[in-house]
Amino acid sequence: MRIESLSLRLFLSAALWSAVSLAAAGVILVALYAQSVERAFDARLSVYLKTLVGALAEGVGASEGGDSLPDPGNLGEPRFVLPFSGWYWMVQRERDHVVVLGSASLAGDSLSAPIQPNPALGRSARGLLLGPRDERLRYLSRLITFPDGASYLVTVAGTSAETETDIRVFGTRVALTLTVFGLGLVLATFVQVRIGLKPLDRMRAALQAVRAGTASRLEGTYPTEIAPLAQELNALIESNQAIIDRARTHVGNLAHGLKTPLSVIVNEARASPGPLASLVIEQARRMETQISHHLDRARIIGRERAIGARTEAGPAIAGIARVLRRLHGADGLMIDLDIEEYLWFRGERQDLEEMVGNLMENGCKWARSRVQVTARLVPGAEPQVMQIDIDDDGYGLSESQRKQAVLRGERLDENTPGSGLGLSIVTDVAGLYRGRLDLLVSPLGGLRARLTLPAA
Amino acid sequence: MRVLIVEDDVNLNRQLADALRDAGYAVDAAVDGEEGHHLGDTEPYDAVILDLGLPMMDGLSILENWRRSGRTMPVLILTARDRWSDKVAGIDAGADDYVAKPFHIEEVLARLRALVRRAAGHATNDIECGPLRLDTRAGRVTLDGRPVKLTSHEYRLLSYLMLHKGRVVSRTEIIEHLYDQDFDRDSNTIEVFVGRLRKKLGTDLIRTIRGLGYAVEPPAHAD
């Protein structure tokens, strides 16, 4: 399985490693503990065995009576007397394995034969056996030979239930402790991964901002590991922008370069009428529409990137008004501006000019005596939005005409060049800024073109 | 009317010049910025057609220089760059109108006519003076509603006088505004044309102000 998330990957690998190592540690700890508990148990058995052997030797020394051995008593451990307490001892003759003596706790029963210590390997043996009540016993046997030549196999056994319980309890505690510890580790890993990868999140957000057009480059400082990546990304963004700018300039130069020869061709053709001339004129007109259509589109390509620009609405609109007043002032046309102060458009100046300019020019074309431009911030809108109304006192458009006029610019790519009102480019540019153009009825009597645009 | 064309494309320059001459203008033409600037700075033109992309000196600088040195003739800008920022820059530099390339010569002629008329203070295409009526758009003259046939030279002289009606226009001014640089200034052409106009329109419309020049005034004010 491929894991696509970097943090999940780090997290899982850390968790897996913690689990494995903690489990191994637990197993080893329990094993070591069991070992030491058993060793302590064996040492205890060994003490009892030595005491027993000592008592037997003493008894043998005291009574010279052949096979009879003295009762060594409880060896300091009352459970050797308590019947079936789990603690037993037994003395067998080596020769025929007849039980000579047994602890009181055996109550006349005997232990199943322990493994014979092999004299060649040593005189002791230890291991596990089943007691009279089928309990698991741990035993220690030793072959001893008294000075009189009699050999006995002496066995001391104790129940291993206690040690097993001990070990189980210890194991449970270890497991519990290690589990808590492991959970802590997992949590720590999680936090570590989150903190460690945070700069990546920031970088992603910054890139997103660039793509959304609210930033022109990756902002902020990054850790040394990914700082070069941020630099490279910035360089890439810049070179990308440079390529777009260059391409746009070339398209512009090409288009503008064609305009003068086109003028010449058309004028020459118009001067000498004929079938060839009309063909030339018609084709030239088509070229002209194509040029301006694609020039307009080239201007706005890639504009949504690397914007971050803002434009004060007042001066930009005032400039357009100066142009239009110069052109239409003599016809008695009034152009009134009512523009809120400190109103900033979030975008490039030329885009604002292109939108407002085309709309105002339309207004001037259709107005009888007056064009009014009102621009203000829409109160309460978040993010900030501004509204620019361009009103004229002309004849206006019918509802269906208004719909038609705006529709034409709906799709950027499927536009056919040459829309009569020049509204398609306005709609397109407004769309680039997630704004819109609405055509309404003006209180002045004519058309109200309303631009809704992001403010800054 | 005397017009200066500053346009570096030789073909377009020729086309404009031909069309303007056909329309009755006196035309001087320059193909680079410096020559254009110099002509506009020294000769009295009634209008200038100025391309913005010029070698040696660009159109906007030329225009700004002219305006700084007090040249007020109407200027029509020709530009391939038709963005609003370009238009604002042109108007702010002192242009009176612009025509975006590619254009039809008729468009330029119409704009030029409007500029000249506005510069002389007339808001409409028709200029009246008593019974005399001049339609600058159609290039027609009527007297008491009857059309008067004029040659192109006669029309040029009459329209200049009509555009500046009520004011004395000197012989030198007429020569400077009606003829291009190569005109022989010592000839008595003006006197000849004034005489012909008086024959067609009646003697009292164009008055001779001795030592100063000519003036067109309605007959009611002639007394």
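The values are calculated or read from the model by the stated rules, or taken from the named source; none is laboratory data. Just so you know, these numbers come straight off a predicted model, no measurement behind them. As a convention, Cβ positions derive from the backbone with ideal geometry for all residues, glycine included, and neighbour counts pool all protein chains shown.
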Check: Identify, please: which residue in the stretch B:1-54 is of a type in the set (Ser, Thr, Tyr) and within 10 Å of the chain's Cα centre (by Cα) and is, among those, farthest from B:Trp66 (Cα to Cα)?
Finding: B:Tyr25
Item checked: Scope the stretch B:127-150; condition assigned to a loop (DSSP other than H, G, I, E, B) and surrounded by 13 or more Cβ atoms within 10 Å (Cβ to Cβ); matching residues -> B:Gly130, B:Pro131, B:Thr136, B:Arg137, B:Gly139, B:Leu150
Item checked: Pick from the stretch B:10-61, criterion of a type in the set (Asp, Glu) and buried (at least 20 other Cβ atoms within 10 Å of the Cβ), ranking: farthest from A:Leu262 (Cα to Cα) -> B:Asp46
Notebook entry, point to check: Can you tell me which residues in the stretch A:426-442 are hydroxyl-bearing (Ser, Thr, Tyr) and part of a loop (DSSP other than H, G, I, E, B)?
Noted result: A:Tyr433, A:Ser442
Check: Which numbered condition trips up A:Glu341, out of (1) among the charged types (D, E, K, R); (2) surrounded by fewer than 17 Cβ atoms within 10 Å (Cβ to Cβ); (3) at pLDDT below 90; (4) in a helix (DSSP H, G or I)?
Finding: (4)
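Hey, could you check the stretch A:286-311 for residues that are at pLDDT 65 or above and within 14 Å of A:Pro454 (Cβ to Cβ) and say which is nearest to the other protein chains (Cβ to nearest Cβ)? Spell out how you get there, then give the answer.
From the stretch A:286-311, those at pLDDT 65 or above are A:286-301, A:309-311; that's our starting set.
Checking which are within 14 Å of A:Pro454 (Cβ to Cβ) leaves us with A:309-311.
Values: A:Ala309: 14, A:Arg310: 16, A:Thr311: 11 Å.
My answer is A:Thr311.
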Next item on the list: Could you tell me whether A:Ile317 is under 50 Å from the mean Cα position of the chain (by Cα) and facing chain B (nearest Cβ under 9 Å)?
Entry: no
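Across the stretch B:67-87, which residue is farthest from the chain's Cα centre (by Cα) among those that are hydroxyl-bearing (Ser, Thr, Tyr) and surrounded by fewer than 21 Cβ atoms within 10 Å (Cβ to Cβ)? Lay out the reasoning, then the answer.
Within the stretch B:67-87, the subset hydroxyl-bearing (Ser, Thr, Tyr) is B:69, B:72, B:79, B:85.
So of that shortlist, the ones also surrounded by fewer than 21 Cβ atoms within 10 Å (Cβ to Cβ) come out as B:69, B:72, B:85.
On the way: B:Ser69: 20, B:Thr72: 13, B:Ser85: 28 Å.
Among residues in the stretch B:67-87 that are hydroxyl-bearing (Ser, Thr, Tyr) and surrounded by fewer than 21 Cβ atoms within 10 Å (Cβ to Cβ), the one farthest from the chain's Cα centre (by Cα) is B:Ser85.
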Next item on the list: Hey, can you tell me all the residues within the stretch B:90-125 that are charged (D, E, K, R) and closer than 19 Å to B:Tyr45 by Cβ?
Entry: B:Asp96, B:Asp97, B:Arg111, B:Arg113, B:Arg117, B:Arg118
Next item on the list: Say whether the condition of being crowded, with 20+ Cβ neighbours inside 10 Å, at pLDDT 85 or above, more than 15 Å from B:Ser85 (Cβ to Cβ) and within 12 Å of chain B (Cβ to nearest Cβ) is met by at least one residue in the stretch A:346-355.
Entry: no
Notebook entry, point to check: So, of the residues in the stretch B:78-91 that are free of Cβ contacts under 8 Å to residues at least 24 places away in the same chain, of a type in the set (D, E, K, R) and at the interface with another protein chain (Cβ under 7 Å from one of its Cβ atoms), which turns out to be farthest from A:His250 (Cα to Cα)?
Noted result: B:Lys87
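Do we have any residue at all in the stretch B:106-114 that's in a strand (DSSP E or B), out of contact with any helix residue (DSSP H, G or I) (no Cβ under 7 Å at 6 or more places or on another chain), within 10 Å of chain A (Cβ to nearest Cβ) and within 30 Å of A:Pro261 (Cβ to Cβ)? Spell out the reasoning first.
As a first pass, look at the stretch B:106-114 and keep what is in a strand (DSSP E or B): none.
For the stretch B:106-114, residues in a strand (DSSP E or B), out of contact with any helix residue (DSSP H, G or I) (no Cβ under 7 Å at 6 or more places or on another chain), within 10 Å of chain A (Cβ to nearest Cβ) and within 30 Å of A:Pro261 (Cβ to Cβ): absent.
Which is of a type in the set (A, V, I, L, M, F, W, C), modelled with pLDDT of 90 or more and in contact with a helix residue (DSSP H, G or I) (Cβ under 8 Å, 6 or more places away or on another chain), of A:Val210, A:Val174?
On the way: A:Val210 fails: modelled with pLDDT of 90 or more.
Answer to the selection: A:Val174.
Which residues, taken from the stretch B:193-204, are surrounded by 13 or more Cβ atoms within 10 Å (Cβ to Cβ), under 24 Å from B:Ala26 (Cα atoms) and not charged (D, E, K, R)?
The initial filter retains those residues of the stretch B:193-204 that are surrounded by 13 or more Cβ atoms within 10 Å (Cβ to Cβ), namely B:193-194, B:196-198, B:200-202, B:204.
Retained after the next criterion (residues that are under 24 Å from B:Ala26 (Cα atoms)): B:193-194, B:196-198, B:200-201.
Hits for the stretch B:193-204 are B:Phe193, B:Val194, B:Leu197, B:Leu201.
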Item checked: Every residue from the stretch A:336-360 that is touching a Phe, Trp or Tyr at 6+ places or on another chain (Cβ under 8 Å) and acidic (Asp, Glu) -> A:Asp351, A:Glu353, A:Glu354
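Restricting to the stretch A:80-98, name every residue that is assigned to a strand (DSSP E or B) and out of contact with any helix residue (DSSP H, G or I) (no Cβ under 8 Å at 6 or more places or on another chain). Step through it out loud before you land on a result.
Taking the stretch A:80-98 and keeping what is assigned to a strand (DSSP E or B), we get A:87-93.
Once the filter is applied, which keeps residues that are assigned to a strand (DSSP E or B) and out of contact with any helix residue (DSSP H, G or I) (no Cβ under 8 Å at 6 or more places or on another chain), the stretch A:80-98 yields A:Gln92, A:Arg93.
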Check: Between residues in the stretch A:11-36 that are surrounded by 13 or more Cβ atoms within 10 Å (Cβ to Cβ) and residues that are among the acidic types (Asp, Glu), which pairs lie under 9 Å by C-beta distance while being six or more apart or on different chains?
Finding: A:Tyr33/A:Asp166; A:Ala34/A:Glu164; A:Ala34/A:Asp166
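Which one is nearest to B:Asp18 (Cα to Cα) among residues in the stretch A:258-285 that are within 12 Å of another protein chain (Cβ to nearest Cβ) and charged (D, E, K, R)?
The initial filter retains those residues of the stretch A:258-285 that are within 12 Å of another protein chain (Cβ to nearest Cβ), namely A:258-272, A:281, A:284-285.
This time we only want the ones that are charged (D, E, K, R), so: A:259, A:268, A:270, A:285.
Values: A:Lys259: 20, A:Glu268: 11, A:Arg270: 13, A:Arg285: 22 Å.
My answer is A:Glu268.
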Checklist line | Odd one out for B:Arg118 among (1) buried (at least 16 other Cβ atoms within 10 Å of the Cβ); (2) assigned to a loop (DSSP other than H, G, I, E, B); (3) in contact (Cβ under 8 Å) with a residue 40 or more places away in the chain; (4) not hydrophobic (A, V, I, L, M, F, W, C) | finding: (2)
Check: Which of the residues spanning the stretch B:167-202 are closer than 23 Å to B:Ala138 by Cβ and assigned to a loop (DSSP other than H, G, I, E, B)?
Finding: B:Gly202
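Looking at this structure, is A:Asn362 facing chain B (nearest Cβ under 10 Å) and more than 25 Å from A:Val210 (Cβ to Cβ)? Spell out how you get there, then give the answer.
On the way: facing chain B (nearest Cβ under 10 Å): no; more than 25 Å from A:Val210 (Cβ to Cβ): yes.
Taking the combined requirement at face value, the residue does not satisfy it.
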Next item on the list: Check whether at least one residue in the stretch B:124-147 is within 14 Å of another protein chain (Cβ to nearest Cβ), in contact (Cβ under 8 Å) with a residue 24 or more places away in the chain, in contact with a Leu (Cβ under 9 Å, 6 or more places away or on another chain) and not hydroxyl-bearing (Ser, Thr, Tyr), and report yes or no.
Entry: no
Note to self: more than 19 Å from A:Ser7 (Cβ to Cβ), surrounded by 17 or more Cβ atoms within 10 Å (Cβ to Cβ), in contact (Cβ under 8 Å) with a residue 40 or more places away in the chain and within 14 Å of chain B (Cβ to nearest Cβ): which single residue out of A:Ala215, A:Ala255 fits that description?
What the structure shows: A:Ala255
Check: Mind checking which pairs have a first residue in the stretch B:167-184 that is free of Cβ contacts under 8 Å to residues at least 40 places away in the same chain and closer than 20 Å to B:Asp28 by Cα and a second that is in a helix (DSSP H, G or I) and not hydroxyl-bearing (Ser, Thr, Tyr), Cβ under 9 Å, 6 or more apart or different chains?
Finding: B:Ile175/B:Ile190
Check: Among the residues of the stretch A:372-387, is any within 13 Å of A:Leu439 (Cα to Cα), of a type in the set (A, V, I, L, M) and touching a residue at least 24 places away in the same chain (Cβ under 8 Å)?
Finding: no
